[in-house]
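In what follows, a single structure is set out as structure tokens and then discussed.
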Amino acid sequence: MAALVRRTGALVASAHLMSTLNVAIVGTGGISLQNHLPGLALCKDVKVHALCDANPATLETARQQTGAPVASTKWEEVVTRDDVDAVIIATPNFLHPDIAIAAARAGKHILCEKPIALDAASARRMAEEADRAGVRHMTAFTYQFVPAMRYLRYLVAQGEMGTPYHFRSCRLQDWGTRNLGWRQVKKLAGTGEIGDMLSHRIDFALQLVGPMKRLVANLMNLTPVRGGAPNDTDDWVAILAEFRNGASGVLESSKLASGRNESWRSLDYVEINGSEGTYEFTTGKWNELQYGKVGGPGLKTRVIPPEFHVWPGSPRDPGVGDPLVTFRYDQAIEFVNAIREQRSCAVTFHDGARAQAVMDAAVRSAETRQWVDL
Ligand SMILES: NC(=O)c1ccc[n+]([C@@H]2O[C@H](COP(=O)([O-])OP(=O)(O)OC[C@H]3O[C@@H](n4cnc5c(N)ncnc54)[C@H](O)[C@@H]3O)[C@@H](O)[C@H]2O)c1
């Protein structure tokens with residue numbers, strides 16, 4: 001019976017390939033308003049058809065903004081509807097696996113926010129269920145859509161770096177000691193800074209350099225109380241890694257880099273050193289990299305070619321809006337295009353699960369004060 005339901009669901013989803021794609025959004029808080037809605041608005045023949053949020057006031061705000069005809073405070077009522085083709089999951093982290101698996105079993109394509117689960121086993125189960133159901137699945141590793149980061153991946157894939165020696169990333173934000181809501185509750189969020197921010201950089205390191213062999217890590221909670229409420233998650237994390245190809249990795253991320261500001265105004269730095277040269281990227285400079293050739297005089301600016309300014313297939317005009325914000329809209333466009341073109345999304349649940357395995361290993365390493373093999 002379950003197999004029949006799955007097959008029927010997949011058929012329902014594929015019937016909408018050439019017509020309007022009806023999307024349901026579960027969790028209509030910050031990221032849905034900032035990224036998912038404007039991204040979907042750029043997609044042709046896509047309708048935000050159903051909304052779900054546990055908070056009626058948040059749901060109503062999104063309903064007024066979108067005019068979506070279906071609104072519910074219960075995700076179970078939304079993700080199984082016959083008139084929904086695809087589901088975007090943007091709830092607190094602990095809910096992602098249950099919602100994704102229910103959506104997959106109902107034959108819906110799924111874009112799920114990162115981290116996609118609280119542990120790698122659940123993340124892998126999500127990927128397996130989505131594969132079995134034959135639906136498209138995508139992890140919202142949004143920084144893969146930064147033009148300079150995509151160009152860097154392209155250059156590395158072309159062999160421009162030679163043999164990779166070192167991957168280095170540093171994400172420094174000033175979130176102060178304010179209350180972070182569900183983000184400061186381990187059983188809802190899983191982790192703190194490592195899931196919030198470092199998960200993006202772990203994903204980028206795996207994309208750029210390849211799988212890790214082993215790591216040692218530390219996590220610190222320097223603010224056990226945030227905004228008057230307990231915080232049992234990490235504010236700071238650092239990983240020292242060895243990749244299978246012999247390269248080293250040093251990844252650091254903090255919410256407590258006072259004075260560094262937040263989001264795209266804060267420090268987001270990635271550097272890769274290889275036998276042929278070095279590339280350095282900072283998010284503030286979305287359309288350039290710093291490049292130095294082995295034996296050369298030092299780093300110089302390398303401007304990103306215009307064909308990398310938007311994701312392939314994106315109708316977005318890179319000249320419209322703040323480019324440090326608008327690259328994020330390409331994520332929804334890639335999701336929709338993958339559904340229509342009947343191909344895998346650029347960043348699947350398997351990528352989400354691989355990053356999650358590194359996160360799990362980092363937590364284990366910090367707890368046991370040992371190196372952990374991957
Ligand atoms: N990809 C990125 O760059 C990026 C950026 C920010 C957040 N995120 C991720 O997006 C997700 C949401 O983050 P946010 O900042 O939007 O948080 P948020 O708190 O602003 O929004 C989450 C929403 O989920 C709702 N919710 C809670 N329980 C629910 C339930 N049972 N059913 C339906 N809705 C429920 C809440 O009421 C809230 O409106 C998290 O997984 C977060 O890690 C990703």
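The values are calculated or read from the model by the stated rules, or taken from the named source; none is laboratory data. The structure displayed is predicted, hence computed values, not measured ones. Neighbour counts run over all protein chains shown; Cβ positions are idealised from the backbone, glycine included.
Data overview
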item: Filter result (in contact with a Gly (Cβ under 7 Å, 6 or more places away or on another chain) and either surrounded by 20 or more Cβ atoms within 10 Å (Cβ to Cβ) or of a type outside the set (S, T, N, Q) (or both)) within the range 34-61; result: ASP53
item: Which numbered condition LYS74 misses (of (1) surrounded by 18 or more Cβ atoms within 10 Å (Cβ to Cβ); (2) near the ligand (Cβ under 9 Å from one of its atoms); (3) under 17 Å from ILE99 (Cα atoms)); result: (1)
item: Test for ARG136: is it crowded, with 20+ Cβ neighbours inside 10 Å, over 30 Å from ASN221 (Cα atoms) and not assigned by TED's automatic domain parsing to the domain that holds PRO312; result: yes
item: Residues of the range 324-357 satisfying the condition of being touching a strand residue (DSSP E or B) at 6+ places or on another chain (Cβ under 9 Å), among the β-branched types (Val, Ile, Thr) and within 16 Å of the ligand (Cβ to nearest atom); result: VAL347, THR348
item: Residue within the range 100-110 that is assigned to a helix (DSSP H, G or I), within 15 Å of the ligand (Cβ to nearest atom), over 24 Å from ARG125 (Cβ atoms) and at pLDDT 95 or above present; result: no
item: Leading residue by the ranking (farthest from ALA338 (Cα to Cα)) among those in the range 69-84 that are assigned to a loop (DSSP other than H, G, I, E, B) and not basic (Lys, Arg); result: THR73
item: Some residue of the range 15-33 being modelled with pLDDT under 95, in a helix (DSSP H, G or I), crowded, with 22+ Cβ neighbours inside 10 Å and more than 15 Å from the ligand (Cβ to nearest atom); result: no
item: Residues of the range 274-301 classified as basic (Lys, Arg), within 26 Å of the chain's Cα centre (by Cα) and assigned to a strand (DSSP E or B), total; result: 0
item: Which listed residue, of ALA338, ALA361, ALA355, is buried (at least 17 other Cβ atoms within 10 Å of the Cβ), aliphatic (A, V, I, L, M), out of contact with any Leu (no Cβ under 8 Å at 6 or more places or on another chain) and within 25 Å of ALA100 (Cα to Cα); result: ALA338
item: Top-ranked residue in the range 85-96 [being assigned to a loop (DSSP other than H, G, I, E, B) and within 12 Å of the ligand (Cβ to nearest atom); ranked as nearest to GLY190 (Cα to Cα)]; result: PRO92
item: Breaking point among (1) more than 10 Å from the ligand (Cβ to nearest atom); (2) hydrophobic (A, V, I, L, M, F, W, C); (3) more than 23 Å from the chain's Cα centre (by Cα); (4) not in a strand (DSSP E or B), for ALA57; result: (1)
item: When residues of the range 181-216 are limited to those that are small (Gly, Ala, Ser) and buried (at least 20 other Cβ atoms within 10 Å of the Cβ), the one nearest to the chain's Cα centre (by Cα); result: SER199
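Yes or no, residue by residue, for (1) away from the ligand (no atom under 11 Å from the Cβ); (2) of a type outside the set (Val, Ile, Thr); (3) outside any helix (DSSP H, G or I); (4) at pLDDT 95 or above:
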site	(1), (2), (3), (4)
ASP98	no, yes, no, yes
PRO115	no, yes, yes, yes
ALA123	yes, yes, no, yes
ALA130	yes, yes, no, yes
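Conditions (1) within 16 Å of the ligand (Cβ to nearest atom); (2) not polar (S, T, N, Q), marked per residue:
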residue: LYS187; (1), (2): yes, yes
residue: GLU193; (1), (2): yes, yes
residue: LEU208; (1), (2): no, yes
residue: VAL225; (1), (2): no, yes
residue: SER248; (1), (2): no, no
residue: PHE281; (1), (2): no, yes
